[in-house]
1. Out of R75, R31, I need the residue that is within 16 Å of the chain's Cα centre (by Cα) and open to solvent by 100 Å² or more (accessible area, probe 1.4 Å). Which one?
2. Just to be sure before I move on: is L51 assigned to a helix (DSSP H, G or I) and over 18 Å from the mean Cα position of the chain (by Cα) in the structure I sent?
3. Conditions: (1) in a helix (DSSP H, G or I); (2) modelled with pLDDT under 90. M77 meets all but one. Number of the miss?
4. Does V62 satisfy the condition of being more than 20 Å from A37 (Cα to Cα) and modelled with pLDDT of 90 or more?
5. Which one of K2, K39, K53, K83 is basic (K, R), out of contact with any Ser or Thr (no Cβ under 7 Å at 6 or more places or on another chain), surrounded by 10 or more Cβ atoms within 10 Å (Cβ to Cβ) and at pLDDT below 85?
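The values are calculated or read from the model by the stated rules, or taken from the named source; none is laboratory data. Remember, it's a predicted structure, so these values are computed and weren't measured experimentally. Methodologically, a virtual Cβ is constructed for each residue, glycine included, from the backbone with ideal geometry; neighbour enumeration extends over all protein chains shown. Side chains included, ligands, DNA and RNA excluded: accessible areas come from the protein's heavy atoms. Shrake-Rupley method; radii C 1.70, N 1.55, O 1.52, S 1.80 Å.
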Amino acid sequence: MKGFDFMELPLFASLLVNIGLLLIVFGQSKRIKILQAEKKRALPYEKDQELIKLVREKIDTVGDVKTVKFLRETRGMSMIDAKHFVDSVKSQ
């Protein structure tokens, strides 16, 4: 019976690292799909006239930064989406 060959240890360690990295990649790809689905649900805000009117009023009264904070807290938008939404309302 042959004993353990220490020359195979780096190969075995490399295999374990690669398997671990593949698991991370698959987990992240699943998370990306979830985030993309959440973003699609956030898109209807752009056509919500009442929200646009409210955001315009907020911009005029409290400014851009607090309006972004308001959207994040009340609508669950990400900071980037809220900032883009505020910018799009300002440019209209």
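1. Criteria check complete, one pass: R31.
2. It is true that L51 is assigned to a helix (DSSP H, G or I) and over 18 Å from the mean Cα position of the chain (by Cα).
3. Only one criterion in (1) in a helix (DSSP H, G or I); (2) modelled with pLDDT under 90 is unmet by M77, namely (1).
4. yes
5. K39
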